[in-house]
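Student: Dropping a structure here in structure tokens format, bear with me for questions.
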Amino acid sequence: MNDILIGKGDKEVYLLPKHANRHGMIAGATGTGKSVSLMLLAEGFSKLGVPVFVADVKGDLAGLAEASVMNDKLKARIDKLGIAWTAGANPVVFWDIYGKLGHPVRTTISEIGPNLLARLM
């Protein structure tokens, strides 16, 4: 996989990873596809080996940790779009401000170290 499919209409729209920036923002009204767009980007970059950090306050993207289960609605959508798709989980680390239900969020620059800090930036 070299390109990230981000949309499909009359023609497919891809994000070329070499043109991607380190930071981005997805904004829009409720129900316009922000979470789906973010999941596509996160999955695509993860498959390319790019570390992805997503701040997901509501927990909408927690499903990235598990492979999807095929159902009639999903199959109909895949068939309508005409895309090749297989279910798969993504490597996910849940961060927790309390450090009890996941990786603790609070840390210092010296605790992070230069290599991890460089990857986060």
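The values are calculated or read from the model by the stated rules, or taken from the named source; none is laboratory data. No experiment lies behind these values; they were computed from the predicted model shown. Cβ: placed from backbone, ideal geometry, glycine included. Neighbour counts: every protein chain shown.
Student: Would you mind finding the one in Gly44, Gly59 that is in contact with a helix residue (DSSP H, G or I) (Cβ under 9 Å, 6 or more places away or on another chain) and either within 25 Å of Gly7 (Cβ to Cβ) or not in a helix (DSSP H, G or I) (or both)?
Tutor: Working: Gly59 fails: in contact with a helix residue (DSSP H, G or I) (Cβ under 9 Å, 6 or more places away or on another chain).
So the residue among Gly44, Gly59 that is in contact with a helix residue (DSSP H, G or I) (Cβ under 9 Å, 6 or more places away or on another chain) and either within 25 Å of Gly7 (Cβ to Cβ) or not in a helix (DSSP H, G or I) (or both) is Gly44.
Student: I need the full set of residues from segment 64-84 which are modelled with pLDDT of 85 or more and within 16 Å of Leu40 (Cβ to Cβ), in order please.
Tutor: Passing the criteria: Leu74, Arg77, Ile78.
Student: Let me ask something else. Could you go through segment 99-114 and let me know if any residue there is within 22 Å of Ile6 (Cβ to Cβ) and aliphatic (A, V, I, L, M). Steps first, answer last, please.
Tutor: Initially, segment 99-114 is screened for residues within 22 Å of Ile6 (Cβ to Cβ), giving none.
No, every residue in segment 99-114 fails to be within 22 Å of Ile6 (Cβ to Cβ) and aliphatic (A, V, I, L, M).
Student: In segment 38-63, which residue that is of a type in the set (Asp, Glu) and closer than 24 Å to Ala118 by Cβ is modelled with the lowest pLDDT?
Tutor: As a first pass, look at segment 38-63 and keep what is of a type in the set (Asp, Glu): 43, 56, 60.
Narrowing further to those that are closer than 24 Å to Ala118 by Cβ: 43, 56.
Numbers: Glu43: 86, Asp56: 76.
Here the answer is Asp56.
Student: If you go through segment 91-104, how many residues are surrounded by 11 or more Cβ atoms within 10 Å (Cβ to Cβ) and assigned to a loop (DSSP other than H, G, I, E, B)?
Tutor: Taking segment 91-104 first, the residues surrounded by 11 or more Cβ atoms within 10 Å (Cβ to Cβ) are 92, 94-96, 99, 102, 104.
Subsequent filtering for residues that are assigned to a loop (DSSP other than H, G, I, E, B) retains 92, 94, 99, 102.
Total meeting the criteria: 4.
Student: If you don't mind, another one. Among the residues of segment 79-90, is there at least one that is part of a helix (DSSP H, G or I) and under 26 Å from Leu117 (Cα atoms)? Steps first, please.
Tutor: If we filter segment 79-90 for residues that are part of a helix (DSSP H, G or I), which is where we start, we get 79-81.
Cutting the leftovers down to under 26 Å from Leu117 (Cα atoms) gives us none.
No, segment 79-90 has no match at all.
Student: So is Thr107 modelled with pLDDT of 80 or more, polar (S, T, N, Q) and not in a helix (DSSP H, G or I) or not?
Tutor: Numbers: modelled with pLDDT of 80 or more: no; polar (S, T, N, Q): yes; not in a helix (DSSP H, G or I): yes.
Spelling it out, it is not the case that Thr107 is modelled with pLDDT of 80 or more, polar (S, T, N, Q) and not in a helix (DSSP H, G or I).
Student: Just to be sure I understand the filter: pairs with C-beta atoms under 7 Å, separated by 6 or more residues or on different chains, first member in segment 101-121 and under 22 Å from Arg22 (Cβ atoms), second member in a loop (DSSP other than H, G, I, E, B) and modelled with pLDDT of 75 or more. Which pairs pass?
Tutor: Here the result reads His103/Val93; His103/Phe94; Arg119/Pro51; Leu120/Phe53, each pair linking segment 101-121 to a residue that is in a loop (DSSP other than H, G, I, E, B) and modelled with pLDDT of 75 or more.
Student: If a residue has to be under 19 Å from the mean Cα position of the chain (by Cα) and either farther than 22 Å from Val13 by Cβ or not assigned by TED's automatic domain parsing to the domain that holds Gly49 (or both) to count, how many in segment 72-87 make the cut?
Tutor: Result for segment 72-87: 1.
Student: Name the residue that is surrounded by the fewest Cβ atoms within 10 Å (Cβ to Cβ), counting only residues in segment 4-41 that are touching a residue at least 24 places away in the same chain (Cβ under 8 Å) and part of a loop (DSSP other than H, G, I, E, B).
Tutor: Step one: of segment 4-41, the residues touching a residue at least 24 places away in the same chain (Cβ under 8 Å) are 4-6, 8, 15, 17, 20, 22, 35, 37, 39-41.
Those still in the list that are part of a loop (DSSP other than H, G, I, E, B) too: 20, 22.
Numbers: Ala20: 15, Arg22: 7.
Taking the candidates together, the pick is Arg22.
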